[in-house]
1. Probe radius 1.4 Å, ligands and nucleic acids left out: which of Leu77, Leu94, Leu87 has the largest accessible area, and how do the rest follow?
2. Report the accessible area of Glu44, computed with a 1.4 Å probe over the heavy atoms of all protein chains in place, in Å² rounded to the nearest 10.
Amino acid sequence: MGKPAGGGATRLREGTALASDDGAVRAIKAGTIKVMPEVQSFDEDQVFFRDGQACSPDIVIAATGYAADLEGIVGNLDLLDKQGRTLINGSQQLPHLPGLYFIGMRASIIGDIGSAKIQGRAIARSVRRAQQHERTHGSATGRDR
């Protein structure tokens, strides 16, 4: 096999996160996490899959591996940089895309799972604040949800 071209620090600098499993495989086998076919498109409430299925999930996790390749899914939303990475990560928001969040789009020394836990909590706080604002001041997006 030979020595790898670079170690963990090099991979992080290049934008590749280090992989670890904290129970996701067990949850998939138990049916707690459902793996779905390739996403074709989204609308406000539904996800449409290439095989013709559709669903209205609570959350979408795009497990894209080391190359996210988000261009086909969200390329028309003006949220990717020149390398195809999202301009936002965690609780960050773009004014023209309220309510859209990404977790794990930046490599982290603490790994994807540790980073996802931190980012997930930050997103939950952001969603809670937005919901409280909507209840107090009306819809933040101008759309009924």
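The values are calculated or read from the model by the stated rules, or taken from the named source; none is laboratory data. Given the structure is predicted, the values throughout are model-derived calculations rather than measurements. For the accessible areas, the whole protein counts, side chains as well, though only heavy atoms, and no ligand, DNA or RNA atoms are used. Shrake-Rupley method; radii C 1.70, N 1.55, O 1.52, S 1.80 Å.
1. Ranking Leu77, Leu94, Leu87 by accessible area, largest first, yields Leu87, Leu77, Leu94.
2. The value for Glu44 is about 100 Å².
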